[in-house]
1. Would segment 207-217 turn up any residue that is small (Gly, Ala, Ser) and in contact (Cβ under 8 Å) with a residue 40 or more places away in the chain?
2. Being modelled with pLDDT under 95, closer than 19 Å to residue 29 by Cα, β-branched (Val, Ile, Thr) and in contact with a Lys or Arg (Cβ under 9 Å, 6 or more places away or on another chain), is that true of even one residue in segment 248-265?
3. I need the full set of residues from segment 195-218 which are assigned to a helix (DSSP H, G or I), crowded, with 16+ Cβ neighbours inside 10 Å and out of contact with any Lys or Arg (no Cβ under 7 Å at 6 or more places or on another chain), in order please.
4. Whether any residue in segment 106-114 is crowded, with 23+ Cβ neighbours inside 10 Å, in a helix (DSSP H, G or I), at negative phi and within 16 Å of the chain's Cα centre (by Cα) is what I want to check.
5. Go over the candidates 258, 284 one by one and state the one that is out of contact with any strand residue (DSSP E or B) (no Cβ under 6 Å at 6 or more places or on another chain) and surrounded by fewer than 22 Cβ atoms within 10 Å (Cβ to Cβ).
6. If you go through segment 1-34 one residue at a time, how many are more than 15 Å from the chain's Cα centre (by Cα), of a type outside the set (A, V, I, L, M, F, W, C) and either closer than 18 Å to residue 154 by Cβ or not in a helix (DSSP H, G or I) (or both)?
Amino acid sequence: MSHAPTGLELYSQTADDAAAAVISRYSTSFGIAARLLGPRPRPHVRNIYALVRVADEIVDGPAHDAGLSPERERAVLDGLETEVRDAIATGFSANLIVHAFARTARECGITDELIAPFFASMRTDLDTAEHDDLSHDAYVYGSAEVVGLMCLQVFVNAGMTAPAAPAADLVDGARRLGAAFQDVNFLRDLADDANRLGRDYLDGAADDERRVAVLDRIDADLAAAASVIRHLPPDCRAAVTTAHDLFAELSRRLRSSPVGAPRVRVPDGVKATLAARALLGRPPKGSRS
């Protein structure tokens, strides 16, 4: 006999629902991919995305639009980080998004080893406008690669008795897929980052030669990630393949799109085709498997 949830169970389900609402409003691409996950990892990946999005919004405009000074933005971000750590330690937060993430972190073994670099990169956005190769790599590790590693912790550990360390090839694949996603978004948002936020993450990628070098790096990262997706648990492969292929398609379109063109997008019909292809068990594009 089923029972209606009460108490902490009801609260946690409500927190998961709040996280699902965040991903559905902010990202069609990741929203599609998340829906292709099995029920075991799906809510946890949504919980990760929601926290990442909230932190990103603190430093990328909405907080400023609300009238917060840079100093106040930093204080809000610091407070969010403290809330996350406290919620992981106690198992509860009055912030639904933080509560959802903490539940995922506790079950799947997401520790401060990944959380601290993420918030460090978010903090970088408050005081660093221009990046060289070294600072780009550090920023991408914290803002994207560790998010891929958080998702990998979910893929391997959700529903398990105790979290275990993922295999080294999966760790490398998760990092490189996260880096590719971030660099694609940097290229897509080049003008907006420069004009609205005053930031240059790619050290002059408006230059054609530099832009091609970034795209070559993206494609190499995507290829490396594609080669290990088959080693993921079965209930994760279609979702990760879809996300991979969506960004591979964006990379392809960026190569044929001149600097200054409107933001590159993948049409809904193409997204649906890529998702259907992944659901049929086809390997990621660019994979030799």
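The values are calculated or read from the model by the stated rules, or taken from the named source; none is laboratory data. Since the structure is predicted, the reported quantities are computational estimates derived from the model, not experimental observations. All Cβ positions, even for glycine, are placed from backbone atoms using ideal geometry, and neighbour counts span all protein chains on display.
1. Within segment 207-217, not a single residue is small (Gly, Ala, Ser) and in contact (Cβ under 8 Å) with a residue 40 or more places away in the chain.
2. Checked against the condition, which is being modelled with pLDDT under 95, closer than 19 Å to residue 29 by Cα, β-branched (Val, Ile, Thr) and in contact with a Lys or Arg (Cβ under 9 Å, 6 or more places away or on another chain), segment 248-265 yields at least one hit.
3. 211, 214, 218
4. Checking segment 106-114: not a single residue is crowded, with 23+ Cβ neighbours inside 10 Å, in a helix (DSSP H, G or I), at negative phi and within 16 Å of the chain's Cα centre (by Cα).
5. The unique qualifying residue is 258.
6. 8
Yes/no per residue for (1) among the small types (Gly, Ala, Ser); (2) out of contact with any strand residue (DSSP E or B) (no Cβ under 9 Å at 6 or more places or on another chain); (3) surrounded by 19 or more Cβ atoms within 10 Å (Cβ to Cβ); (4) within 19 Å of residue 178 (Cα to Cα):
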residue: 225; (1), (2), (3), (4): yes, yes, yes, yes
residue: 233; (1), (2), (3), (4): no, yes, no, yes
residue: 244; (1), (2), (3), (4): no, yes, yes, yes
residue: 248; (1), (2), (3), (4): yes, yes, yes, yes
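One line per residue, one yes/no per condition, for (1) at pLDDT 95 or above; (2) surrounded by fewer than 22 Cβ atoms within 10 Å (Cβ to Cβ); (3) on the phi > 0 side of the Ramachandran plot; (4) assigned to a loop (DSSP other than H, G, I, E, B):
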residue	(1), (2), (3), (4)
118	yes, no, no, no
142	yes, yes, no, no
151	yes, no, no, no
161	no, yes, no, yes
165	yes, yes, no, yes
171	yes, yes, no, no
180	yes, no, no, no
184	yes, no, no, no
193	no, yes, no, no
